[in-house]
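Take a look at the structure below.
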Amino acid sequence: MTDPYRPLLASINFTEAEKAAIAAALTTAKPWDWKPDGAQEVAIKSVKAKLRDLHMARHGDRCCYCRKNLHGGGHFVIDREHVLPKSLTAFKLFAYEVWNLGTACKRCNMQYKKDKVDFVVDQTNAAALQTSANYLLIHPNYDLYKEHIRFVEERDDDSTLLKFTKQGTPKGEYTYQYFNLEELEVNKADVSQGRLDPEDLGEGALEAKAIAAEFDQ
């Protein structure tokens, strides 16, 4: 399968010490939450930092599900998202698999996704788990987000426009509903509410409104 994002998943490199730390973590009951000390602690922290940085770069410092800006956010803003939940025994060995990770906001990860797997078609086929077709939602690594949902946001000191435009695909519709993206939209041209007047909309926002109209949204 062609990787739809850059940098490529395959571009990540772990040192021998980091690989050894991952192997040791996977022997524990909770691999991602393993807290060693000494050199192993340094190595596992480095692994997690590399995974975070890679996925932040791949999604332009945005949440992989709702496109919220995560730039400059720390531990209390950015979640290193496990698509297949690390808390479930069946998937704990995927805790450090780069294809099973992404970066998400707290809202999407903790309020909506949690440890659910209802979006996985076949949970037992190991090969299928690494394919787009096996996921009902937009997979952070196997699906290009904008092919399913277009996202436009414009802000200034006094107003905001934020719009998701579904592109007519099942994955786009599913993801839009699953994460209640409608709740995040700011789309009324109402200056009294601190929102943009149509005359103030930028080219990108106007394009988004045109696309939305085309898809009857």
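The values are calculated or read from the model by the stated rules, or taken from the named source; none is laboratory data. Bear in mind that the values here come from a model prediction, so they are computed numbers and not experimental data. Using ideal geometry, Cβ is built from the backbone for each residue, glycine included, and neighbour counts are taken over all protein chains shown. Surface accessibility is based on the protein's heavy atoms, side chains included, excluding ligands, DNA and RNA. Shrake-Rupley method; radii C 1.70, N 1.55, O 1.52, S 1.80 Å.
Computed values, structure above
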quantity	calculated
Label-reachable residues, segment 43-62, where backbone N falls under 13 Å from a point 7 Å from THR27's Cα toward its Cβ	none
Sites LEU93 and SER11, calculated FRET efficiency, Cβ-Cβ separation with R0 22 Å, nearest 0.05	0.45
Cα gyration tensor, the chain - rounded (a/c under 1.5), prolate or oblate	prolate
Centroid-to-centroid separation of segment 10-77 and segment 106-166 [C-alpha atoms, Å]	20 Å
Extended-chain gain in nm, criterion 0.36 nm per residue less alpha-carbon gap, LYS106 and ASP3	34.5 nm
Relative contact order (%) - the chain, alpha-carbon pairs under 8 angstrom, separation at least six	16 percent
Karplus 3J(HN,Hα) series, Hz, for segment 32-40 with 6.51 cos²θ - 1.76 cosθ + 1.60 (x for Gly, Pro)	5, 8, 4, 10, x, 9, x, 5, 5
Linear extension gain, GLU41 paired with GLU147, 0.36 nm per residue minus alpha-carbon span	34.2 nm
Estimated distance in nm for a label pair at HIS71 and GLU185, the labels positioned 7 Å out from Cα along Cα-to-Cβ	2.5 nm
Whole-number accessible area per residue in Å² for the chain, which is evaluated in the context of all protein chains at 1.4 Å	53 Å²
Spin-label pair ALA127/GLN167, simplified geometry with 7 Å Cα→Cβ offset, distance in nm	2.8 nm
Candidate residues SER11, SER132: accessible-area rank, largest first, probe 1.4 Å	SER11, SER132
Rounded percent of accessible protein surface that carbon and sulfur make up, the chain, 1.4 Å probe	51 percent
Helix 203-214 vs. the chain, principal-axis angle (Cα, 0 to 90°, nearest 10)	80 degrees
Under the Karplus curve 6.51 cos²θ - 1.76 cosθ + 1.60, θ = phi - 60°, whole-Hz ³J(HN,Hα) for segment 82-94, x wherever Gly or Pro sits	9, 4, 8, x, 5, 6, 8, 3, 4, 10, 5, 6, 9
Residue-averaged 222 nm ellipticity for the chain, from DSSP H runs of 4+ at -39500 (n - 2.57), nearest 500	-7500 deg cm²/dmol
